[in-house]
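The values are calculated or read from the model by the stated rules, or taken from the named source; none is laboratory data. Only a predicted model underlies this, so the values are computations on that prediction, with no experimental measurement involved. When we count neighbours, we look across all protein chains shown, and the Cβ atoms used for this are built from the backbone with ideal geometry, even at glycine. Note: areas computed on protein heavy atoms with side chains; ligands, DNA, RNA excluded. Shrake-Rupley method; radii C 1.70, N 1.55, O 1.52, S 1.80 Å.
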Amino acid sequence: MDSPITASRTDAASFGRAVQTPLGLQVLTLASLLVVWETIGRTGLLFPELFPSVLSIAESLGNYLTTPLILPHLKASLYAVGGALAIAAVTGIPLGILFGSRRRWHLVAEPLILYAAVVPKIVIFPIFILFLGIDVHSKLAVGAIAAFFPISLLTIAGMREVKAVYVDVARIAGAGPWQIATRVYLPAIAGQVFTGIRIGLGAAVTGALLAETKIARAGLGFMIVEYYGQFRIADMYSLLLFIFILAALANATLKRLFALASPGARGTQDPGMYF
């Protein structure tokens with residue numbers, strides 16, 4: 001029978017191993033941030049009005065989850081973000097395959113896309129307002145433009161890694177351009193395309209919600225600006241936390257769907273932050 005001292009040492013060792021895992025480090029980091037936040041808020045060491053208690057933020061988040069107050073705004077933002085990601089994928093993947101399949105096209109198109117990718121998307125927001133109005137469609141357009149670049153660029157990068165021998169064998173077997181694109185290129189670049197979509201999701205969220213903070217009548221970005229103007233800091237932070245949770249769930253869902261659809265696809269270790 002183990003002594004209490006031996007048992008405590010075993011528990012300490014188990015705890016130490018658990019903390020050293022990625023999940024353990026994430027939990028420890030989050031707990032440390034919460035402790036620091038609460039300490040600053042309660043002691044008033046630094047701008048206490050900007051550090052509401054964790055409990056007040058949690059209560060505000062609970063209101064979002066248990067009341068229909070946020071539903072119209074959530075619907076508007078989900079439409080903008082989801083539509084933006086869909087448009088970016090439908091345009092970015094085919095164009096990435098097209099530009100990446102020919103060296104000359106790749107040399108011409110990729111630099112232009114890279115140069116355009118560094119332009120802040122919010123600066124072209126007034127143009128979308130002129131054509132689409134101040135409704136949700138202009139926010140959708142900003143999110144789509146933001147998501148297009150990582151999706152198309154990573155698709156091009158994946159195309160450049162496809163070995164020419166695979167294409168040559170397909171052509172010898174009598175495959176046409178459409179068959180080569182769907183049977184050779186798409187399976188080979190699935191990992192890069194998936195990474196581009198995941199990064200594109202983050203870009204779409206950033207672009208759409210940032211546009212909502214400028215001119216909007218609904219949306220999560222609109223609510224954040226309203227809470228800031230009313231100095232409802234706890235509500236503002238809880239809404240930011242709510243957006244973070246939604247984004248994490250969406251990212252995990254995409255990862256799971258890709259694992260089910262392409263279990264053998266190779267993911268990229270260098271996602272390439274092009275936005």
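Looking only at residues in the range 137-179 that are within 27 Å of V119 (Cα to Cα) and among the basic types (K, R), which one is modelled with the lowest pLDDT?
Here the residue is R160.
(1) within 30 Å of A31 (Cα to Cα); (2) open to solvent by less than 60 Å² (accessible area, probe 1.4 Å); (3) free of Cβ contacts under 8 Å to residues at least 40 places away in the same chain: which one isn't true of L69, the others all being true?
(2)
If I215 meets every condition in (1) modelled with pLDDT under 85; (2) buried (at least 18 other Cβ atoms within 10 Å of the Cβ); (3) farther than 24 Å from G96 by Cα apart from one, which number is that one?
Only one criterion is unmet by I215, namely (2).
Only one residue in G82, G100 is within 23 Å of T195 (Cα to Cα), touching a His at 6+ places or on another chain (Cβ under 7 Å) and surrounded by 11 or more Cβ atoms within 10 Å (Cβ to Cβ), so which one is that? Lay out the reasoning, then the answer.
Working: G82 fails: touching a His at 6+ places or on another chain (Cβ under 7 Å).
Testing whether each residue is within 23 Å of T195 (Cα to Cα), touching a His at 6+ places or on another chain (Cβ under 7 Å) and surrounded by 11 or more Cβ atoms within 10 Å (Cβ to Cβ) leaves just G100.
Looking for whichever is charged (D, E, K, R), over 21 Å from the mean Cα position of the chain (by Cα) and under 28 Å from T206 (Cα atoms) here; the options are E110, E161. Which one fits? Give the steps one after another, and end with the answer.
Working: E161 fails: under 28 Å from T206 (Cα atoms).
Step by step, each of E110, E161 is checked, and only E110 is charged (D, E, K, R), over 21 Å from the mean Cα position of the chain (by Cα) and under 28 Å from T206 (Cα atoms).
Does the range 154-162 contain at least one residue that is more than 30 Å from V123 (Cα to Cα), in contact (Cβ under 8 Å) with a residue 40 or more places away in the chain, among the charged types (D, E, K, R) and in contact with a helix residue (DSSP H, G or I) (Cβ under 7 Å, 6 or more places away or on another chain)?
yes
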